[in-house]
Structure formats: structure tokens, C-alpha cells
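The next block holds one structure in the form of C-alpha cells; read it before the comments.
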Amino acid sequence: MALKIEKTFEVQEPIDKVWDVLSDPRKVATCVPGAQITEQVDEKTYKGAIKVKVGPSVTDYTGEVQIVRLDAQNHEIEILGKGQDVRGRGSASMKMTGRLRALPNGGTEVISVSEIGVVGILAQMGSRVITEVSNIMFGEFTKNFLARLHEPSDQPVEQAAGAEVTPIKATSVAWQATKGLFRKKPENVS
Amino acid sequence: MIHKTSPEIGGMGHSIKRKEDLRFIQGKGNYVDDVNLPGMVYGQLVRSPYAHARLKSVNTEKAKKLPGVLAVITGEDLAKANLAWMPTLSYDKQMVLATGKVLFQSQEVAFVVAEDRYTAADAAELVEVEYEELPVLVDPHKALDPDAPLLREDREQKNNHIFHWEVGDRQATEQVFQKAAVKASVHAFFPRCHPAPLETCGCVADFSRATGRLTVYMTSQAPHAHRTVFALVGGIPENNIRVISPDIGGGFGNKVPIYPGYVCAIVASLTLGVPVKWIETRSENLQSTGFARDYHMTAEIAADREGKMQALRVKTLADHGAFNAAAQPTKFPAGLFSICTGSYDYPTAFCEVDGVYTNKAPGGIAYLCSFRVTEAAYLIERAVDVLALDLKMDPAELRRKNFIPASKFPYKSSLGWTYDSGNYEAAMKVALDKIGYQQLRKEQEEKRKKGELMGIGISSFTEIVGAGPAHSFDILGIKMFDSCEIRIHPTGKAMARMGTKSQGQGHETTYAQIVAQELGIPAADVTIEEGDTDTAPYGLGTYASRSTPTSGAATAIAARKIRDKAKKIAAYLLECNEADLEWEPGKFYVKGTPSKSKTIQEIAFAAYTNIPPGLEAGLEAVDYYDPPNLTFPFGTYVCVVDIDKGTGEVKVRRFVAVDDCGNIINPMIVEGQIHGGLTEGLAIAFMQQIDYDESGNIQGGSFMDYLLPTAVETPHWETDKTCTPSPHHPFGAKGVGESPNVGSPAAFVNAVVDALSHLGVKHIDMPITPWKVWKVLQEKGVAA
Amino acid sequence: MAKKQLVSVKVNGREREAAVEPRLLLVHFIRESLQLTGTHIGCDTSHCGACTVVLNGRTVKSCTMFAVQADGGEILTVEGLMKDGQLHPLQEGFRQEHGLQCGFCTPGMLMSSYALLHNNPNPSEEEIRRGISGNLCRCTGYQNIVGAVQYASAKMAETKTAEPEMAGGAK
């Protein structure tokens, strides 16, 4: 099951400050609900985990995140993440491109394009559930990302490896998915 | 000659109420999940989320430690007993529990056994499996590419090709096509769908250490064949296996294959010495059990400009999934698909089918397909409509012009079948008159002027059932005869058992009516039993509409053997010669002196109390019937649709089904079968598909996505009949259960295409969803 | 495993009780704890309606409820339709009109029709089809089931078998 998700949002912070967070997988990981970076393998590769709960179904993915391309001048990052469920429930992969654009008002526009592939139990529920889960996760991510930006940049990365991560609770997903059937336009994240 | 019996006797032609209903309406049916044995435990399968992956490890430690868990079986465990693989009904083999790799999403990987089903579900969650993903193959057209992933590493032949099968005359057909004035062609995909009987598959396997016998209560349409396979595969003496098929909640071909769940439950019971129940969930049923169809077909018809058909050429790609588990007679890897010449007289024809493996669930023969006849009938009826469009001819007229005339039967088709009897024009006439065809065409003309979309679809199908004669038909080597054993009691009541197994077809009533017809014993006095392999005579089961043609025939022949013996007893009692006796249902009487008679009841009593010297006591007979040929039911269906230009929704306004299945045992039951099959055809034409995405994830794995029509979507069906008996069947019957599913998809699709043909539409693949129609309307600029 | 809870219900007029896990589905309670196997399971997404029973005067899909949710209530299952050895007009109707083939959907159909006729004793064909649209059938194509309900409706009007209170709960 392959999904392409494009999200754009604005923050008030200047582009360099935003880049500082976006270009560090460990800082970004703390913003993704249910995720953590457990180990840095080399300068481009990290090991990580993410726990996704959809109703009673919990999937614990562990895998790798790789920085494929880092362009500090143009403020572009491309990462590749791939993980398998520890119990053998399935796998997921994501290729994400993040790009920053300085706005005339001093703020920054964050443009992300993600291609997500899901194999296994979650994919059987259909793209509508996966899209809703992604939307909910993205909503939480932006909230966390904004909060992270407001912290002093020299704060140590909060999450220690192996800490208990709160799984994203997608009990609201069913409701969102149903609502989604009747929505005309996708929600905009602001 | 078929005597007319009185309603009290209830022989052929009487719509007597069903005897089996009494327990069902009280909720006292005995389905497999209703079976509860002392000490019974529950099994559940762990399944693969991946369509194609190496199996690196299966860790069962956590699962085994859960309180209440009795065992966790893996492929490795089974491999030690040589049971990790089992034969399929197509001489392929299939993994019971995966070893080495998995080949389709939802494939069986481990089996947990626990004290109750909730603990079993908990334990299944605790089994940890490590996989290494492999490239996935879901497009059958790519299966034979040189760089296609190799699915079946266990085979000697290292590619994804299962078989090539051809029949007919390739050269002669080619020559006709080269010279033909008109060549019509259609590429028709028959999507993968699933029969989804309301009761899922399951079993209770009960090995008793006290008796050494294994009893398996099983959702089985073919209990004897299953018993023999268990004996051969499991090495258990066949006399120590008893398969009991109790009440079955719908089969439709889904309950013919042997599934890993059954084998695991049996192994668990043999190991633990207690009964093990395994009942699959609906999702498991849709995702792993025998699917239907998945045929990519191309048909070409060569004809002259007046519409006389000269040749038919067919090429098909068959997607069989990961294992060839299609259940069909050995010599026919594409089933009876070569019936694709249909109701038409083709001087020459050629047909070829190639089967391939893909990373999908195994199966192929199911859902009232009569062994791929649904695919064949759909293809030819679509092709004929395309030819009619090309020639700008009325589709009814084109069919009439090419029907095999009634005078040509028995008819040898250019693809090798000898059709027993038929009168296609008569059936079509009844259908067209009943629907008011001419009036509808006028209405369509008027509506087109106003931009309204209305279509009329015709399907004049011929199908082929009653497998089959021993010279050509066997499943895993077992010939496809069938059987009946009848015993008359001293008080004139009777009991009869057959080798078939009803899953709702009403055998407890219809077989009793055959006995009633032949012996004049009221059907109410005849008890019918099927499904217990300890007591029923050997048979190949019920599917492909074969029961009436085979066991029904055996019942009549066995009854006639009894009648022959009864005649001897009657002659003895009446002190006359057998030659002086006449028969009418229920009694023998002396020619010219009807008052000198003996009823069958008096004769039965005498068989135990006043036995003629030299004759054995009792009044019973058994027959194993080898049908001389298959039978060929046929009919014409006409469908009228209206299309909503705003939503693309297709409304079936009217549907007339005229069926000819020869002589009918119980008209009420036949009509019920037609209603049900038409509803399945509707579902297939408009709403059903089991599809896979590019990663092999199943789409359509539950009733959320795999749709069944409710009473609201289902239209009112109008049925009628003609009667052209089978000349070789003991009472001229042909079988009918699958005809409605064979004939109707084309009627629906032809109607929709007919509604849009004036816009240049020639074909739309099933399922014809509103979305598909809406897109066509947009494309053609007529959407509202 | 959570501690078992006592569930007490009146089923087909009789007081029944059993100690069950809180997560035990009502359908399993009926089929296994009470051994009333007439109520069937046909799916795992609440679509098929084979598990339909009447609880406190309304039809429910017993696969989508926990047994503990029914505590203190009144249930009517298919086994409770017969009275004093006499078939309910609906049961008669299903037999007379050939409204069943394999019988698996039949208990659910009977319970849905029972509730339908209680609320609407003289339904049109459309109302009947809508009334049983929560019950799937693979064998009959629904046509004769509609006929069965019409038979029962006529029979009940004739013999005035309408019950003031729907069995299986006050309403």
C-alpha cells in the first residue's frame, strides 16, 4: 500500500532555527508521536523505533533511518526510514523530503512530501485508515515541532534510548476515518 | 415415462415443503461450531502479514508460557512428521504451516492450541515471527517475465508457469480467421472474487486414545474424498477415520479444498488426545480460503457479414495464487472452460489457457463456477454482444441466427463436448416474450433521444455439469461416480444415504422425492442422510451441480433395483407371473385386474415376514452410478437497467431468468436456487472484487470492503422455465444450482454496455461500480 | 486475565447466570455459557447479522456487545420463538414460503423480522427489505424471505397474534 502525503505548514521562527531542528533526526524524532531514536550507527544512519496503536491493534516497528541527502544551503533534507514490526505483523517504509522556505514576514514555510509504504495487517484496513493515522500523526508532529522550536536550542535531546514511548492512540482514527468519508477537502494544518 | 404421483406421495414435480426446515427454523441446526465435546480445546492460526518473504524464525516461547496454552505448532514441528506440506486437489502441494518462506499475505505460519478461544487469540498475538521481505509478484502478466521473482522454489521447474492447456484445432481456426470478413474481439477480465458462505470453514478434530479412531466434524462438501486424503497424508488407517459433515451453512465450492486449519487441528488432536476445535474468522475466510475466478480472457469470433459465426479463438491467463489448489478433475487444469463455444454452432474453434503462480491466496474453483463454466459463459456471451455491436445487429437476432438448432442434438462441439440436449430458441422466446423485448427496444430508442440511459442485456448460456464419466473424470485419481443406498423397513418406511453432501440444496427433501417417484413411498416416509463417512456410501460430494445428475441418478437406479425385487415378491404374494404385473407408483397390480394388487408397504412387510423361497430377506439396494455423459442445462436471461447520470449507479429494473434443467424434482427448490444464484451474479457484476496492491496487501479482506448485497440492493427476480430432458439421465434431469451464477454476470454487463453502446462503449470490466460508470459518463461527456 | 464477573440475564423467559470475563462477547455467552447455539457467527465486522437477538425490546448484533453489558436484561433468541410446542407464524412462514436453504442466516432473519413485525405489523415489501437489510443471506436472494415475512404478517393479523409487549424486554 503506497501513499503520498504532502503537508505544508508555517512557523514564525527564522529559517536557520527551523533548519537546526529539522536537520537533526534525533531532534525531529522527539516530535514524532510514539517514536524514538535508539542508536546512531554512523553520521548518516540511525536506529529507531515507533509504536503505532490503531484501536486494539499495536504495531511496534523497529528499523533504520538514513539521511540520504542533506543540503544546508538550500535547506533540504531527504530521509529514508524502513522498519519491521517486532512481532512480525508487517513493515513500513517512508521516504520523506523536507524543504524550508524563508517567508517575507521573517517566518519559515515547511514543505514535506512523504511516500509511505505499508505492508501487513494495517494495510488490510485500507488506505482510508492509513491516511487518517498519518493525518493525526502529522497533526501531533507539528504541535511538537512548534514546541521544540520554542525551546532553547542548546537543550539536550530529551528522549533517552529505550525510554517508554507513548503510542499514538488512534481510537479517534475510526471517527476521523468516518468523518473523512464526508469531508470535501483534506484538512489544512495551520 | 414419468408417472405423475399424488401430492401425498410427493414425487417428481411436487413443490413439497422441505423436511430439513424444521430444525433450522427452531435454531436447532447442528453446524460445526455447534459441536461441543467434553474436554474440547481451541486452535487458532498465526498468519503472515507479508505476501512474499523468507521465514527467518518463529519464536513460540512467550505464547507457550501463557496460562491455558496447551501447544504451539510450527512448520518446523510439522516437518519432522513430514506434514509441513500436503497435496492439493490439483496434484500440486501446499504448505500446511510455512517453512522457509511465505507466499501470500495471510498464509498460515503457526497454530496455537488453548483451553478457550480467547486464550488462543491472546497466545496467537504472542508468537513472534521474523521475516525478510522478498520482491512481490501480483500481476499475472508479469509472472513469466525473465526477471519475475521465483515463487515456488520447491518445484523442479524454476519458473512461475503452472500449466499450458489447449483444445480444438489451432490451424483450422487460424485459417478461418485469415479469410474472415468480420472479426470481433473482446478482452474480458473475470475478477478474483470469493464465495463467502455465511458459515466460515472449520472443524472439530477428535482423536480418541480409547478407541484409536479419529473423528473429524468438518465443513466439507466431499467428506469421503477428504477422509481418503487424510488417510493417505496422515498415514492413519482409513477405517479409523470418520469424517462427519453435519449441517453446512453454505458451501458454494468454498468447502471443497482441504485447508491447513483442518490438518493442524487433526495433528493437535492426535498429539494431545483431546478434541480440538478450529473455526476461522470471516477475515481469514476471505483472505486465505478458496477464491474464485481471476481469469484474464480474450475471445475472438470470426463471422461473415450476415452474422454467421465461423470460428472462435480464445486465449486465457489464469491467476492461481501461490499454490495450485484449484479443485477440478485431473485431466482438466482449466476445468470445463472449453464449454466456451456456448450455445453456438462453431464449425471450428481453438482454446488455450496458461496458469501462473502469484503471491496471492490459492484456489480458483469456487462460487458456483461449475469448474470454470462461469468464466467461459461470461466470455462467450460478452463476445457475442461485441460482435452484434460490430455488425450493428440486434443481439437477440444474432444469437438466434447461430444457436445450435434443436435438431442437431446430441451435438458434438468443436472443442470436444457432446451436448446431451437443448432447445435454445425456445428458451429465448419465453424470456423475450416475458420481458416484452420489442417494447423495451422501442422505449430505449425514445429514451436515447432524450439523453436517458437504459440498457437491455441478454445472456443465452449453455453450461455443463454432472461430473462425470469415469473415462475422463477423476479428482486425485478417485473417479467421479456417485452413490445411493436405500433400505426399506418392514413397515414400509425407508432410509436412503448418498455420497453427496447438501449445504442448503434441500437434499433431504429432493432425494426423498426421487424415492417417492420410483417406489411410490411418500416422501415424508423416506429419511435421507448424507455426510457421515462411516455410514454413507462412497461419493465425491456436492459441488459443480453434480448431485442430481450423479447421486440423483444412483438413487433412481437403486430404487429400480428395489422395484425389481419388489416385483418378484409381489408375484409370489399374488401367485402370478412377474410378466402379468403392472406398476403404478406405490403398487403392483395384475394386468386387467387392478383390485388384485400389493402395495409397496405390503411388499416391504413380506420381505421380512413372508420371504419367497430362494430370495434373500430384506428390501434394499445400492448403486454406484457412472454417468455416461455430463448434462447441459441452459437458458436465457434478460436484464433491463437504468443508469443514473449523476451518480453512475446502475439500477436493475427487471430481470427475467428462463432456465431449462430438464425434468424438475421440486419446482419450489429450483426457484429458490435461481434466486440465490442470480443474487450472487449481481454481487459479482456490480460490487465484488478481492484485489491486491503492489505490495501484496489484500484489499477486500473483510466485509467492510468485500460487499455482499442485502435485501435492499437485490431486485425482484422473475423466473420461468422450459423443459428439455436429458436423454441419458434416468429421469431426464440435469442439475441447476449453478446456472444462475453462470448465466447472469453476462446479462448484467451486457445490459450496462448496451445502455452506453451508442456512445461508443464496447466493454466494461466487472465489478461495474458506480465510480467506473461515472468515469465513463465523464469521458463521454454525458454525466449529469 | 481479568477477574470474572457474574452476568444475570433472563433468556427466553428463564433466569440464567454465569461468571464470565468482562471481554466475553454476548454471542459467545449465549452460544457457549448458555449453550443456545441457534444464534450464529458469520463475520467479524458486525455486517452479517447472523448473531441478531432481541435485548430489552430491541434487536442487537450480539457479536458487537459484551455479555456484561447485558447484565440484568432480558434476551429473546430464536430458541424462544416457539410457544407451547407451536411454531411462531414467522417460523411457519419461513417454511411455507421456502425462506431458507442452508439455514445459517435464518435465526438472525427470524429475530429481525420478529422485531420488524412488532413495530410495523403490516409492512410493505420495501419496508420488509429495509427491515432485514442488516441480515445477509447467500442462498435465497431474499425474495422468499420477504414472502415469509408477508405470510407471517397476514397470519398474525388473522389470528391477532400481536403481542402487547415484545418478548425479550419491555418496550
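What follows is calculated from the coordinates using simple rules that are stated; it is not laboratory data. Fair warning: this is a prediction, and the values are worked out from it, not measured in the lab. Positions of Cβ are generated from backbone atoms using ideal geometry, with glycine treated the same way; all protein chains shown enter the neighbour counts.
Annotations for the structure displayed:
- Here the gap between B:His758 and B:Ala210, fully extended at 0.36 nm per residue and compared with their Cα-Cα distance, gives a gain of 189.9 nm.
- Take each residue in B:191-198, count the other chain C-beta atoms within 10 Å of its C-beta, and the mean is 4.
- Those lysines that a straight Cα-Cα span of less than 23 Å connects to B:Lys587, excepting residues fewer than 8 apart in one chain: B:Lys4, B:Lys493, B:Lys561, B:Lys565, B:Lys567, B:Lys568, B:Lys596, B:Lys598
- When only alpha carbons are used to place a centre, the stretch B:725-784 and the stretch B:413-431 end up 20 Å from one another.
- Label point at B:Glu115 placed 7 Å out along Cα→Cβ; residues across the stretch C:1-38 whose backbone nitrogen lies under 17 Å: C:1-5, C:19-24, C:33
- Packing-based exposure ordering (other Cβ within 10 Å, fewest first) of A:Thr59, B:Thr500, B:Thr99, C:Thr159: C:Thr159, B:Thr99, A:Thr59, B:Thr500
- Take the Cα of C:Ser46, step 7 Å toward its Cβ, do the same at B:Ser472, and the gap between the two points is 5.2 nm.
- Shape call, the stretch B:154-203: gyration tensor on alpha carbons, a/c limit 1.5: oblate
- Set of lysines near B:Lys158 by C-alpha distance (under 27 Å), chain-local residues within fewer than 8 positions excluded: B:Lys56, B:Lys80, B:Lys93, B:Lys101, B:Lys142, B:Lys315, B:Lys331, B:Lys360
- Degrees separating the helix C:106-119 axis from the principal Cα axis of chain C, which is the longest one: 70 degrees
- For chain C, the longest principal axis of the C-alpha atoms and the axis of helix C:143-158 are separated by about 80°.
- The modelled label-to-label distance for the pair B:Ala784/A:Asp20, using points 7 Å beyond Cα in the direction of Cβ, is 6.1 nm.
- Other protein chain Cβ atoms within 10 Å, averaged over every residue that makes up C:87-95: 3
- Two tests apply to each whole DSSP H helix in chain B, Cα reach of 24 Å or more along its axis and mean Kyte-Doolittle hydropathy of at least -1.0, and the ones passing both are B:373-391, B:553-574, B:667-686, B:739-756.
- Listed from fewest to most Cβ neighbours within 10 Å, the set B:Met309, B:Met704 follows the order B:Met704, B:Met309.
- Average beta carbon contacts from partner chains per residue of B:668-679, 10 Å cutoff: 5
- Over chain B, the fraction of Cα-Cα pairs per 10 Å bin, rounded to whole percents and listed from the shortest bin up, is 3, 13, 22, 24, 19, 12, 5, 1, 0.
- On the basis of the beta-carbon distance and an R0 of 25 Å, B:Asn240 and B:Asp626 show a calculated FRET efficiency of 0.30.
- B:Cys576/B:Asp532 FRET efficiency (R0 51 Å; Cβ-Cβ; nearest 0.05): 0.75
- Pair B:Val712, B:Asp139: separation of 7 Å Cα→Cβ label points (nm): 3.8 nm
- Proximal aspartates and glutamates to B:Lys412, defined as alpha-carbon separation beneath 18 angstrom and excluding residues fewer than eight positions away on the same chain: B:Glu166, B:Asp169, B:Asp345, B:Asp420, B:Glu463
- Taking the Kirkwood radius as Rh and the Cα radius of gyration as Rg, the protein assembly as shown has a ratio of Rg/Rh equal to 1.00.
- Charge tally around B:Lys17: other residues with Cβ under 14 Å, Lys/Arg +1 each, Asp/Glu -1 each, net -3.
- Residue order, fewest to most beta carbons within 10 Å, for C:Val27, C:Val149: C:Val27, C:Val149
- B:Thr647/B:Lys449 FRET efficiency (R0 25 Å; Cβ-Cβ; nearest 0.05): 0.65
- Distance from the stretch A:50-109 to the stretch C:42-97 (C-alpha centre basis), Å: 49 Å
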